[in-house]
Amino acid sequence: MCTEKLKTKRSMLIHFLLLGCFVHALAGMAMTARPELLAQFLGPFQASFWATAVPQAAHQQLLWWLQAFGATLQMLGLCMTLMVWSGRHHRQPTVWLGLALALLLWAPQDICLSWQRGIALFVSLDLLAVLALLPPLLLLYFIDKRGDA
């Protein structure tokens, strides 16, 4: 593939990953600031623990955990942004490989935990994340490893 096409492809892949970083940070901010907005999203999760109505104290505790997790998502979004920025500017294939390995470390565990609780929505979201992020990361790894983009 010609160098100009590789540069364009590389740029598009990086912008796609930066969008993913932004979505993580934005979702984390929303979870921290307004966890009640996720009430419908919590339905399948809560149903996996309670067959009847969710106790109010448990619901409040879950909202608190969502706020705490929101801060974690914000940090993840920032760290991902810094890694993508580093990979973009330094053209180090190990950056892309490191992000891919982190994704492959996280995903099976999260999928397994969600599967055990029967939360198909979370399994689907995790699989979507892997299918959306892994190909660009691996493509960037190979483009930068070749070194001609």
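Nothing in this text is a laboratory measurement; each read-out follows from the coordinates by a stated rule. Here the structure is a predicted model, which means the values were calculated and not measured. No Cβ is skipped: glycine too gets one built from the backbone with ideal geometry, and neighbour counts run over all protein chains shown.
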May I ask for the longest run of the chain untouched by chymotrypsin sites (Phe, Trp or Tyr not before Pro) that are loop-located per DSSP and have at most 12 neighbouring C-beta atoms (other than their own) within 10 Å? 51-149
Stretch LEU105-LEU6 to full length: gain in nm at 0.36 nm per residue minus the Cα-Cα span? 32.8 nm
Fewest first, what order do HIS90, HIS59, HIS24 take by the number of other Cβ atoms within 10 Å? HIS90, HIS59, HIS24
How high is the FRET efficiency from HIS89 to LEU138, r the C-beta distance, R0 22 Å, rounded to 0.05? 0.65
Full-extension gain in nm, LEU63 to GLN40, via 0.36 nm per residue minus C-alpha separation: 7.1 nm
Overall form of the chain per C-alpha gyration tensor (a/c, 1.5; a/b vs b/c): prolate
Value of relative contact order over the chain, rounded to a whole percent, pairs C-alpha under 8 Å and six or more apart: 34 percent
Span-like helix ranges in the chain, DSSP H, alpha carbon extent 24 angstrom or more, Kyte mean at least 0.5: 3-33, 93-117, 120-146
Ordered by fewest other Cβ atoms within 10 Å, a rough proxy for footprinting exposure, LEU97, LEU139 read LEU139, LEU97
With Cα springs under 10 Å, the Gaussian network model of the chain assigns the largest mean-square fluctuation among THR52, THR94, THR81 to THR52
